Amino acid sequence: MAILNKPDKVHQAIAWHGDIPITNRYTAGVAGERFFREVKENGKFMGTRCPECDLIYVPATMFCERCFAELDEWVQVENQGQVVTYTILYWDLDDQPLAVPLVLALVQLDGSDGGLVHYLGETDPEDVYIGMEVEAVLKDPAEREGSILDIRHFRPIQV
Amino acid sequence: MAMRKVAVVGAGMTRFVRRALETGKELSYEASKMALDYCDLTLDEVDCVVHGTAPDSFDGVHMKGEYLSDGSGAWRKPYTRCYVGGGTGVFAPIHGWYHVASGLFDICLVVCEEKMSSCQPHPQGAFLTIFDHTTERPLKPNLLWIFAMEMNRYMHTYGLKKEDIALVSVKNKRNAADHPCSLLGDANITLQDVLNSEVLAWPVQRLDVSPVTDGAVALVLAAEHVARRICDKPIWIEGVGWNLDTAYWTNRDLCYPRYVEKAARMAYEMAGITEPRKQIHIAEPYDPFDYKELHHLEGLMLFDRGKAPEATALGITQRNGDLPVCPSGGLLGVGNPIAAAGLMKVAELFWQLRGEAGARQVPGQPRRGVAQAWGDLMQVGTVAVLGV
Ligand SMILES: [Zn+2]
């Protein structure tokens, strides 16, 4: 199997850079539009409930993936919840070191069966733990755009 | 169901390298040609071709299934590309299997390829686009966070330490030292090396992760009457399974891959396996990260939940242990050209069960093995059981 013995040195190969120039314009969807409007206009997190499966989806969904019911029961959930898991990032997308490590957490919002992934701020990375109680910090109403970034980050709840 | 028996009768594999001179087409050609040569078949004897390859953005070629078709031997043949993310490498032979089991074709060439070095400056950037465009992409995720969070949850649930998990990386990189195609085989790597490697996204460190790789692997599948004619020891595809969990990964139990269990149950039932721990002699679970091998061994029901780390520490999963796991060296050692890496696991079972694995050969004449891959938005499990 001669191919197995080929050298791995191809630094001399002729190479060039190219790209695939595409940009996109997305919508949040029927349920997503309402979810993000509630955050933007009222600072509230809303989920949709499936009565059949007894699940509250957050972010809200238009349908239940388990039983295929169309969901129209909207319920408010808490702006706070628990850290289900987290990571501390030291490197960026281009494999370059970050000047300041970033904490990302999966937060299950109280009163729901789902959660949001977001930054965890106003804490030392060393102090974060699974089960920590955290709350969402929203941007000022005038700054909100109906995006996940309307949440600045989550932070530990001061007891 | 009246299904025909299907065997693997040939396999080919390029070296896994960091940056190949070959184009993706050429890598596909090299692996395909080796697989056909292995069983003395010519291209005109191939009835259909199945290709498996991961996101287009890795190779930087839009609709790369079509682009790769000629190198995969598909000229003027029935050809399809299948794709379930990282799970593709074990799904592609399943896709090939139903082409032949159905009776539609007698000989199917299955090819998997990835040329990740095309993606600049790092393929991690391409992963940004797999996350939800509304809830996740604005946060600029990278590939690692989702896995780092899953690994953290796994460690937390079972009270595991980094050392318990890093042993997998040591085992697989050492095993890969015996693989002629390996990128990262290292017979002398130690637990300390892994634990001292830089932290990327805690708890994931550099040596917990498989590397960006270029490479291709191909298999030839044949219906029973053809297999018995052209092959002295066909390796039968005894069972296949695949299963998908919710794409809302935030709503899923992160410490146990239930979708892998469901895929495994489907494959075991087809293969007539009732006691996998006794009836399976080799496992090649998907190991892009060291904790994933453990996760998957538990999903495959080869160890109790949370107990795969202990089995690893006891040496049970070593090449000469009671259940050799990733004797190939896996993705952590041989390399991770996504789809090709998954198919490499099935090729490894082919070589192992034929007794042709050379320095990697598992002792005791193993008669049955399971290969598994995982991917999409970390919620697909693909499983194949092969036997003598
Ligand atoms: Zn439901």
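Overview of results
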quantity: Solvent-accessible area per residue, Å², over chain B with all protein chains present [probe radius 1.4 Å]; calculated: 34
quantity: Isolated Cys residues of the protein assembly as shown, judged by Cβ distance under 4.7 Å to other cysteines; calculated: A:Cys67, B:Cys39, B:Cys48, B:Cys82, B:Cys108, B:Cys112, B:Cys119, B:Cys181, B:Cys231, B:Cys255, B:Cys326
quantity: For chain A, accessible area per residue (1.4 Å probe, heavy atoms of protein chains only), Å²; calculated: 60
quantity: Relative contact order [Cα under 8 Å, 6+ residues apart], region B:291-388, whole percent; calculated: 18
quantity: Average beta carbon contacts from partner chains per residue of A:78-85, 10 Å cutoff; calculated: 3
quantity: Neighbour net charge for B:Ser118 - beta-carbon separation under 15 angstrom, K R +1, D E -1; calculated: -3
quantity: Ordering of B:224-230, A:132-138 by packing [mean C-beta count within 10 Å, highest first]; calculated: A:132-138, B:224-230
quantity: For A:18-25, mean number of other protein chain Cβ atoms within 10 Å; calculated: 2
quantity: Region B:48-195: relative contact order in percent, alpha carbon pairs under 8 Å with at least 6 residues between; calculated: 20
quantity: Peptides ranked, highest mean first, by Cβ atoms within 10 Å: ranges A:43-49, B:92-98, B:281-287; calculated: B:281-287, B:92-98, A:43-49
quantity: Residue-averaged 222 nm ellipticity for chain A, from DSSP H runs of 4+ at -39500 (n - 2.57), nearest 500; calculated: -3000 deg cm²/dmol
quantity: Part-to-part distance (alpha-carbon centres) for region B:129-148 and region A:82-137, which is given in Å; calculated: 13
quantity: Net charge dipole size for region A:29-156 [Lys, Arg +1 and Asp, Glu -1 on Cβ; Debye, nearest 20]; calculated: 240
quantity: Size of the A/B contact, given as accessible area buried on both chains, probe 1.4 Å, in Å²; calculated: 4100
quantity: Portion, in percent, of the accessible area of region B:54-138 that falls on carbon or sulfur, probe 1.4 Å; calculated: 58
quantity: Student exercise, region B:309-388 dipole from Lys, Arg, Asp, Glu Cβ charges, in Debye to nearest 20; calculated: 240
quantity: Sum of -39500 (n - 2.57) over DSSP H runs of 4+, divided by residues of chain B (222 nm, nearest 500); calculated: -10500 deg cm²/dmol
quantity: Exercise: per-residue mean of other protein chain Cβ atoms within 10 Å, B:130-140; calculated: 5
quantity: Accessible-area ranking of B:Glu261, B:Glu293, A:Glu73, largest first, probe 1.4 Å; calculated: A:Glu73, B:Glu261, B:Glu293
quantity: Accessible area (Å², 1.4 Å probe, nearest 10) - B:Trp351; calculated: 30
quantity: Relative contact order (percent, whole number), chain A, Cα cutoff 8 Å, 6+ residue spacing; calculated: 19
quantity: Heavy-atom accessible surface of region A:29-156: percent carbon and sulfur, 1.4 Å; calculated: 45
quantity: Reachable aspartates and glutamates from B:Lys171, criterion Cα separation under 17 angstrom, eight or more residues apart if same chain; calculated: B:Glu163, B:Asp186, B:Asp193, B:Asp208, B:Glu284, B:Asp287, B:Asp290, B:Glu293, B:Glu310, B:Asp322, B:Glu348
quantity: With all protein chains modelled, accessible area of A:Thr123 [1.4 Å, Å²]; calculated: 40
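The values are calculated or read from the model by the stated rules, or taken from the named source; none is laboratory data. Bear in mind that the values here come from a model prediction, so they are computed numbers and not experimental data. Cβ sites come from the backbone with ideal geometry, for glycine too, and all protein chains shown count toward neighbours. Side chains are part of the model used for accessible areas, which takes the heavy atoms of the whole protein and leaves out ligands, DNA and RNA. Shrake-Rupley method; radii C 1.70, N 1.55, O 1.52, S 1.80 Å.
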